[in-house]
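What follows is calculated from the coordinates using simple rules that are stated; it is not laboratory data. Note that the structure is a prediction, hence the values are computed from the model and not measured. Here the Cβ is made from the backbone with ideal geometry for all residues, glycine too, and neighbour counts use every protein chain on show.
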Ligand SMILES: C[S@@+](CC[C@H](N)C(=O)[O-])C[C@H]1O[C@@H](n2cnc3c(N)ncnc32)[C@H](O)[C@@H]1O
């Protein structure tokens, strides 16, 4: 089977050719992520990795959250999100970047990733991702992750993906992390097709 490459040009093309409401991962309200973030009790210093054109950041800003960073490989997605969140520019920082080369001035208290880690198909890139996470997540910080669950297809947006479960993630995170919860969510795509996501929440010791 032919798979395209996870690249900036791939995502720029996707985002320039489609309204966000039609994207296969669109959520009118990012309920699961919001619930998990609220549960941590933390109200600032949050990064959304591979935010795309998510509605999550806007919801957090509306709820009074502060110091939110969103990064994405796609310049188009970041540009559009920046425009739509212009009124909140003093509380949100959005920039184009590959998570593998991300540089932050300050550590974060929540590292949120919905449907991004699963596109990193080499062990080398996965290791780099977890190094970045360990580097930039504060002690007692939270890692909230959503990937396709094990009984899902191994493709998304024309790209090959890898599914994860909490045991595999914990193994890669190392001893400094503990699992708080993990569960499946049945997600309905705008096309009406179903996908199962695995939501996981970890805490750094
Ligand atoms: C399936 S979309 C999910 C978007 C968003 N998290 C959401 O839930 O609506 C995957 C996103 O990951 C971004 N992405 C893929 N690889 C990335 C990387 N290495 N660094 C940063 N973003 C990446 C893509 O540009 C795309 O916006």
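Here the alpha carbons of segment 19-94 define both size measures, Rg and Dmax, at 11.7, 33 Å.
Could you state, as a whole-number percent, how many of the C-alpha pairs of segment 80-162 are farther apart than 19 Å? For segment 80-162, the fraction of Cα-Cα distances above 19 Å is 50 percent. Working value for segment 66-123: equivalent-ellipsoid semi-axes of 21, 15, 10 Å, each the square root of 5 times a Cα gyration tensor eigenvalue, largest first. Computed over the alpha-carbon atoms, segment 116-205 gives an Rg to Rh ratio of 0.98, Rh here being the Kirkwood radius from the mean inverse distance.
Paramagnetic label reach from residue 153 (point 7 Å along Cα→Cβ; backbone nitrogen cut-off under 14 Å): within segment 1-30, residues 1-4, 24-25. When peptides 18-27, 97-106 are ranked by their average number of other Cβ atoms within 10 Å per residue, the highest-first order is 18-27, 97-106. Note on the chain: the C-alpha convex hull projects to 10.7 nm² when averaged across all orientations. Note that segment 54-98 shows a convex hull volume over its alpha carbon atoms of 60 Å³ per residue. Placing a label point 7 Å from the Cα of residue 168 along the Cα-to-Cβ direction, the residues of segment 132-159 whose backbone N falls under 18 Å from that point are 144-159.
Calculated FRET efficiency, residue 138 and residue 7, Cβ-Cβ r, R0 45 Å, to nearest 0.05? With a Förster radius of 45 Å, E is 0.90. The packing ranking, built from the mean of other Cβ atoms within 10 Å per residue, places the peptides 172-182, 31-41 in the order 31-41, 172-182, highest first.
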